[in-house]
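Below you'll find the structure, written out as structure tokens, and then a few comments.
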Amino acid sequence: EFRLRAARLRYDRAAQLIDRASDAITAIIGHAHGHIAMERAARALGQAQSRLLAMASQFNRALQQVDRQRVTLGTTGITSTDVKRWLQTLRQPAALLDTAFAMPVGLCALAPHELLDVTEAEFERDRPTQG
């Protein structure tokens, strides 16, 4: 994802050149007046411009695919990309494990009567009706 976004920035700079190429093609064609070399140069610019525009659609599709795969963590608005960026800024990410192991997770236990209520409800829901 990060490489795609960096490439997209480079493409955006190239897109500015595409716009300038359109102006150049128009100027070349306007002044060509039968000069074959100028017409070829205009055609080559047009073909390069076409290839860059095709790459733009590939970038957009790839970025859309990345956006579809991004996960938002609950209602926080924090995405998996945000977490990755944060992890990349840490000097010693392994140090996170030290604090994680220092605070073990406690198990929550349900009271037996709650377990029975849930089990009974599930059993009743799945039982076929007798008719």
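The values are calculated or read from the model by the stated rules, or taken from the named source; none is laboratory data. These figures come from a predicted structure and were not determined experimentally. Cβ placement follows ideal geometry from the backbone for every residue including glycine, while neighbour counts extend to all protein chains displayed.
Worth pointing out:
- Residue in segment 8-15 that is of a type outside the set (A, V, I, L, M), surrounded by 11 or more Cβ atoms within 10 Å (Cβ to Cβ) and at pLDDT 85 or above present: no
- Among residues of segment 31-44, those that are at negative phi, small (Gly, Ala, Ser) and either at pLDDT below 85 or not in a helix (DSSP H, G or I) (or both), counted: 1
- Residue ID - modelled with the highest pLDDT, chosen from residues in segment 110-130 that are of a type in the set (Asp, Glu) and surrounded by fewer than 10 Cβ atoms within 10 Å (Cβ to Cβ): 124
- The one condition from (1) in contact with a helix residue (DSSP H, G or I) (Cβ under 6 Å, 6 or more places away or on another chain); (2) surrounded by 13 or more Cβ atoms within 10 Å (Cβ to Cβ) that residue 71 does not meet is (2).
- Hey, residue 78 surrounded by 10 or more Cβ atoms within 10 Å (Cβ to Cβ), in contact with a helix residue (DSSP H, G or I) (Cβ under 6 Å, 6 or more places away or on another chain) and at negative phi or not: no
- Hits in segment 23-41 - residues which are surrounded by 13 or more Cβ atoms within 10 Å (Cβ to Cβ) and within 36 Å of the chain's Cα centre (by Cα): 24, 25
- Test: residue in segment 62-74 that is of a type in the set (Ser, Thr, Tyr), more than 21 Å from residue 6 (Cα to Cα), assigned to a helix (DSSP H, G or I) and modelled with pLDDT under 80: no
- Boolean, residue 50 is among the polar types (S, T, N, Q) and touching a residue at least 24 places away in the same chain (Cβ under 8 Å): no
- The numbered conditions (1) of a type in the set (Gly, Ala, Ser); (2) part of a helix (DSSP H, G or I); (3) at pLDDT 80 or above are all true for residue 77 except (2).
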